[in-house]
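Contents: one structure, followed by commentary.
Please treat every number below as a calculation from the coordinates, not as lab data. Treat the numbers as computed from the prediction; the structure is a model and nothing was measured. For neighbour counting, all protein chains shown are included, and Cβ atoms are generated from backbone atoms with ideal geometry for every residue, glycine included.
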Amino acid sequence: MNVNTSLEPDNTDIPQPVIRSRKHYISIVWIIPVVAALVGCWLIYKTFSEKGPEVTITFKTAEGLEAGKTKIRYKDVEIGQVTDLSLSKDFSKVLVKAQFVKGAEAYLSKNTRFWVVRARIAVQGISGLGTLFSGAYIDMDPGKSGDPERNFKGLEEPPIVTTTDPGRVFALKAERKGSIEIGSPVYYRQITVGKVIAYNLVSDGSGILFKIFINAPYDEYVHQNTRFWNASGFDMKLDSQGFHLQTESLVSLMVGGIAFDVVDNFEAPEATASEDAVFTLFANREAAQKKDYPEKKLFILNFNTSVRGLSPGAPVEFRGIQIGEVLDLKLEYDGARKVFDIPVLIMIEPGRVSIKKDKGQHNPKNIINYLVAKGLCAQLQTGNLVTGQQFVALDFFPDAQRASASYKGAYPTIPTLPTQIEELGTKINHVVDKLDRLPIDQIGKDLKDTIHSAKGIIGSPELLKSLRAIGPAVNELQMLVSGLRTNTTPEIDAVLKQARLSLAASQAVLQKDSPLQYRMGDVLQELSDAARSLRVLADYLESHPESILTGKGKEK
């Protein structure tokens, strides 16, 4: 038996390890963070790739706006969000920073408009009720294409029309603003077809320029010869046919309005007006119906008697048809003749007179001379017995003393005649003067003497002389009476008859118990009640806007 007495261990029986090379594998545990990292990178890339432009909008107040919550919408589609709210350096306005989605660059130009949509109660109606639940948001109107812009000034009120509204814009020029406001309706044959969108002074300050928007398809009814007039309030007129009261609508009584139409019945509508065409805004429909003739001739009428009741704008008529109007009148003193004259400047429009079968060209001076030579004169006549207004009547007076037209001043002068009442007074004064010159006392004494002696009556030379003196006066008196009976009396009867009819119509309209007075009283009372109700409703809604949805509730 062999015994190992060596101190070294015997490793012959110990198994030896087998070393094998092994491949390196990534643990499945690392797959999850890798995927998460890839997703995060994708989201970051997607966020930055879809990120649109950032803009700054200026408002006077930030009422209803919240950073990170308030949305920006266009056609109710969310295209951006408010990211920050701050004040300007002078604390006068609010700077709203907003982040838009990618692709919104095409909508951001110098013509883009922004405004805050919130619950509003205005003349045009109630709007923005949906914001009571969802909160206020910013709406926009891209406008027409223009240069890119990133800084905008927001509107404090929503615009009346936007770019997407079909229709066209027109301009109206007027001397005064009247009661027309932004948002006032525009009527076509008493149908609301548009609104007033803006107004401002013209560059030289001589008038007001209105901008109106006519919705399609009504904008096709605006022709080149269309007339616009102020339809605010109501028109009241009293004439031979009775009392007339006209208004476009109840809204035009409160907020004003504009109406348009082709008012000339003898004129066909012309071509459709182009956008931004400029029209004249007349004061009322009557002024719009008045034709505008390009050719105008000015004349002077010299009166030496009272012209009370004659004022600028009074008509100038020829046989009852208006051919012009009075422009101005003043008082002048002629030192050479020691008299006062009243020159009246009139304007005559030759286009009001149609000339048939005569295409020749005539000298206006020769025409005036010919007409005056035929007896053309001007005379003041009463146009309204109730108001005492007068007008200028041109006509031929064959019995008048012939006169010629004068061209010494700046304008030709047409001869004038005194009024019919003045002529009648002159004739009566002439007769009275002749009667005053008669020897009435001597005639009476002679007649008294003839009573005592019948024989001396026949052959009395004094009586024959007196009779011969009375004869011409009696003849003139007979001629005056005959003239009054044949000429003046029928005219006076017609005037008195017309006066009675006018006074009867006025009395029927103005008396306290007339139906019109009751109706006017009812209308005014209803208007007062309606205005009071609207004021109460506006005050209540301003204090309790939630009552629109929840109701008024029970009164405490």
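With the simple spin-label model, which puts each label point 7 Å out from Cα in the Cβ direction, the Ile191 to Asp399 separation comes to 5.9 nm.
With neighbours defined as other Cβ atoms within 10 Å of a residue's Cβ, the residues Ile191, Ile72, Ile160 order from fewest to most as Ile191, Ile160, Ile72.
Could you sort out which of Lys374/Lys408; Lys46/Lys110; Lys51/Lys93; Lys46/Lys144; Lys330/Lys408 sit more than 23 Å apart by Cα distance in this structure? In this structure, Lys46/Lys110; Lys51/Lys93; Lys46/Lys144 exceed 23 Å between Cα atoms. Between Ile367 and Leu534, the simple label model (points 7 Å from Cα in the Cβ direction) yields a spacing of 5.1 nm.
Maximal additional length on extending the Lys291-Phe91 stretch stands at 66.4 nm, based on 0.36 nm per residue less the C-alpha distance. When the charge dipole of segment 48-153 is built from unit charges on Cβ atoms (+1 for Lys and Arg, -1 for Asp and Glu) and taken about the Cα centre, the candidate among Tyr107, Thr61, Ser86 whose Cα reaches farthest toward its positive end is Thr61. The simple Förster model, with R0 at 45 Å and r as the Cβ-Cβ distance, assigns Arg176 and Ser109 a FRET efficiency of 0.80. For the pair Arg337 and Gln224, the difference between a 0.36 nm per residue extended length and the Cα-Cα distance amounts to 35.3 nm. For the pair Leu132 and Trp30 in one chain, pulling the backbone fully straight at 0.36 nm per residue adds 31.6 nm over the alpha carbon distance. Using the Cα centre of segment 136-215 as origin and beta-carbon charges of +1 (Lys, Arg) and -1 (Asp, Glu), tell me which of Tyr187, Val202, Pro158 is placed farthest towards the positive end of the dipole. Ranked along the dipole, the leading option is Tyr187. At q = 0.12, 0.22 Å⁻¹, what log₁₀ I(q)/I(0) does segment 48-153 have when each alpha carbon counts as one equal point scatterer in the Debye sum? Computed log10 I(q)/I(0) values: -0.41, -1.26.
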